[in-house]
Amino acid sequence: MVDPQLSTRLGTPADLPVIEVMLFEALFWISTYERPAYEKFRQHPEFQKLVDNWGRLGDWAVMADGQRRPVGVAWYRVWSQAAPTALPGSPAT
């Protein structure tokens, strides 16, 4: 049965704060691992390359909203072989 309170939509650059939190949660889902402070970890270069300039060419997200607030997200970012952190034609190249 589909929950009528749940809806999906394409993500936008305005969804970056939610995408960042969801990425952090996905990285630290095992409760037995030491969990760093979110605000400190989000400054890590490896985390930043996954979210920097979100919304560029090659970034896609589907947001799940429940009762008018985000409850989940699926996303991906495409990189080129020449610049593994940027897609040709994107602002990062």
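The values are calculated or read from the model by the stated rules, or taken from the named source; none is laboratory data. No experiment lies behind these values; they were computed from the predicted model shown. Note that each Cβ is placed from the backbone with ideal geometry, even for glycine, and that neighbours are counted across all protein chains shown.
Of note:
- Residue in the range 8-28 that is more than 18 Å from the chain's Cα centre (by Cα) and surrounded by fewer than 10 Cβ atoms within 10 Å (Cβ to Cβ) present: no
- Looking only at the range 37-55, and only at residues there that are in contact with a helix residue (DSSP H, G or I) (Cβ under 9 Å, 6 or more places away or on another chain) and not β-branched (Val, Ile, Thr), the one that is surrounded by the most Cβ atoms within 10 Å (Cβ to Cβ): 54
- Restricting the range 54-70 to residues that are at pLDDT 90 or above and under 13 Å from the mean Cα position of the chain (by Cα), the residue that is nearest to residue 17 (Cα to Cα): 54
- Tally, over the range 60-81, of residues that are of a type outside the set (A, V, I, L, M, F, W, C) and touching a residue at least 24 places away in the same chain (Cβ under 8 Å): 6
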